[in-house]
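The values are calculated or read from the model by the stated rules, or taken from the named source; none is laboratory data. What you are looking at is a predicted structure, and each value in this text was computed from that prediction instead of being measured. Positions of Cβ are generated from backbone atoms using ideal geometry, with glycine treated the same way; all protein chains shown enter the neighbour counts. Quick note on the areas: whole protein, heavy atoms, side chains included, nothing else; ligands and nucleic acids left out. Shrake-Rupley method; radii C 1.70, N 1.55, O 1.52, S 1.80 Å.
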Amino acid sequence: MAAARVLVVEDEQIVALDLADRLMRLGYEVVGTSDNGAAAIELAGELLPDVILMDIRLRGEVDGVDAATQIRRQHDVPVVYLTAHGDPATVARAKATEPYGYLLKPFEQQDLQIALEMALVRHAASRRVRESQLWLEATLCAISDGIIAVGPDGRIRLANPAAAELTGWCPTEAVGRPVHEVLEIRPGQEPPEPGGRLPVVDMVVARDGRMLPVEHNQSTIHDDHGKVMGQVFVLRDMAERVRVGRAHRLLADASAQMASSLDPSTTLACAVAVVVPRVAEGCLIHRREPNGDLVLVAASHVVAEQACALTAQLGRVLKAEEPQGLPGRVGVSGKPEVVHVARTADVVTELLPGAVGTLLEPGARSLLGVPLVGSGRVSGVLTLVSERAEPRLDALDLAVAEVLASRISVALENARLYAEARRAIRMREEVLAVVSHDLRSPLSTVTMNADLLLRACSGDPAVDPDRLRRLRLILGGASEMSGMIEDLLDMASIDQGRPILQRGVCRGHELLLQMAERYAAAASCRRIRLEVADAVPDETLVFCDRQRALRVLANLVGNALKFTPPGGRVTLAVQRRGRDVQFSVADTGPGIAPDELPRVFDRFWRSASTRSTGMGLGLYIARGLVEAQGGRIWARSTTGAGSTFLFTLPAADGAPASTTATPPPA
């Protein structure tokens, strides 16, 4: 290690030379000598020695004590006094400078060495303590939590700036005071925020009486022997977290309230009720009309008189060609904007340009406008009126307002779509009413007269066969048209979840025989064998709407005959399956592709692999009619080997069950 560097300050030249010689023999480096205090101060600044040997009595106006005081203040160099004076007054002056040693002349060389080494060690230790203290102070200043250290006497030893902000006591004022004068904590609790845990929040009573939410911890400090040295209080400012938690709850409440109704006026009323007063003291909502104008459609304020004044302005229009005020600018730009109002008169100009007699006084200070965006365009503007002096509307308020505006937009869009859907449903019902009433009557006339003509002509050999064929075509077309009308009406009743049913007990096997008789001629013309499998009649008793069950079977049999090639076979079967009666229609046609099979019961679906005709409603209606009667319908198919359509209907009460089969798949 390098030798310690020593500055000798001694007014007697011979003594100074002797000291320098002794120091060099002890291994120290003497960097300089001086015989007066002023020179010693200058040398200390120039040479920066490791230690100074200082005589108290020096030449000049500055003695050793004064010189040591200035050197310690300016350069932090340890001083060891070397003097022949040990009187109480001199010692008291020397002690005030906190020296690192005090040697009385004459002294032994060993005493000199010990004094110097102890001074160097003490100074190094003192420097480390001061550095640690600086690190601690810097760390405490940088910590956002408030720290208050209290001694065993209950008085504050330390308080950082964060604690000062929470309590209102600056550290210099707080230190030395009893902790109960500075720190007052009142228990309280904030409800947990949605989606996470919010610790129990207590309230600190600040010096000016404000109540600030905090989370606090208290720790006791013990020395190495377990003796209590004091306590440390840690205060975490929870104001922002509480604000965020309240914002989450507000948005959740807003969503719940606005989702409770699909009426636009109710949605707007819920929106302003949520905003005032939880977000701001006032709220206005403008809606954009198709021509671009903004119309004030909702307004509220915490003060009843001002709320009435704002409500009186409902319907006020901001013209699109002359965008005025905050809502007009936000409606054009589509971007949020904050305005801090300096004069009360500016409030009306910004919010309701051209309005007279409104009572937006005296407290409006900040205005925030946020666009309502729906269907990719600005559909309106949400404006908040804040009367807070400090803090003004900030980033959290803006974020809450933007999310709230988004949810208002969604709620209004849902209300609009709901209104359009209701209009569409009414139009459809009106069309169906026309179809069911106005078309049925003339169609019945056509069907009845065609049937009468066909019967009259069938027994007359003089009638042209071509005329008979044309009459049959007319009658077939009318029958097909009547079936389409029934399909449309059934589809409407199925979509509304209320098909009209007239249920009773009938024999399932008889239904199949009736279908076979109805389609026998069509099957024969196409050279297709139409069969009904044997069944036990008593086991096929079903509780169903007979006509609707025949409609389902007719749809399935008609499809099977349509897609089965000549020479093929269509088989009808019925059997008891537990509490149900299962019907099946199997054909030997081309089958259905596996990727198309899950979609065969969808509305308006038609296979792309076949040249099928019709509207694609038959199987959709069949499923609706079966499910309305408590049954199920499904299909099985193997490409190239045919398809089987199956459905179940509830068995009639009292019908015997000879077997219990596995329920059909979904």
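Observations on the model:
- Förster-model FRET efficiency, 41 Å R0, ALA395 and GLU184, C-beta, rounded to 0.05: 0.85
- Taking all protein chains into account, the per residue accessible area for the chain stands at 53 Å² (1.4 Å probe).
- Residues in the range 142-170 that a label on VAL228 would reach, taking backbone N under 17 Å of a point 7 Å out along Cα→Cβ: 149-157
- Cα long-axis angle, helix 546-563 against the chain (0 to 90 degrees, to the nearest 10): 90
- Degrees, to the nearest 10: 465-495 long Cα axis against longest axis of the chain: 30
- Where only alpha carbons of the range 237-313 are counted, the Rg and the Dmax (Å): 14.5, 50
- ARG467-ARG527 FRET efficiency (beta carbon distance; Förster radius 25 Å; 0.05 resolution): 0.40
- Potential lengthening between ARG579 and GLU61 on full extension [0.36 nm per residue; Cα-Cα distance subtracted]: 174.2 nm
- Applying 1/(1 + (r/R0)^6) with R0 = 30 Å to the Cβ-Cβ distance of SER444 and GLU420 gives a FRET efficiency near 0.25.
- Ordered by 1.4 Å accessible area with all protein chains kept, TRP605, TRP634 run largest first as TRP605, TRP634.
- Between the Cα long axis of helix 508-518 and the first principal axis of the chain there is an angle of about 60°, rounded to the nearest 10.
- Computed over the chain, the P(r) tail beyond 50 angstrom holds 58 percent of alpha carbon pairs.
- Extension gain, SER144 back to GLN514 (0.36 nm per residue minus Cα-Cα distance, nm): 124.5 nm
- Heavy atoms of GLU321: accessible area, 1.4 Å probe, square angstrom to 10: 130
- Distance from the alpha carbon centroid of the range 25-87 to that of the range 307-332 works out to 81 angstrom.
- Within the range 106-131, backbone nitrogen closer than 20 Å to the virtual label 7 Å beyond the Cα of HIS75 toward Cβ: 116-128
- Carbon and sulfur %, accessible surface of the chain computed with the full protein complex present, 1.4 Å: 54
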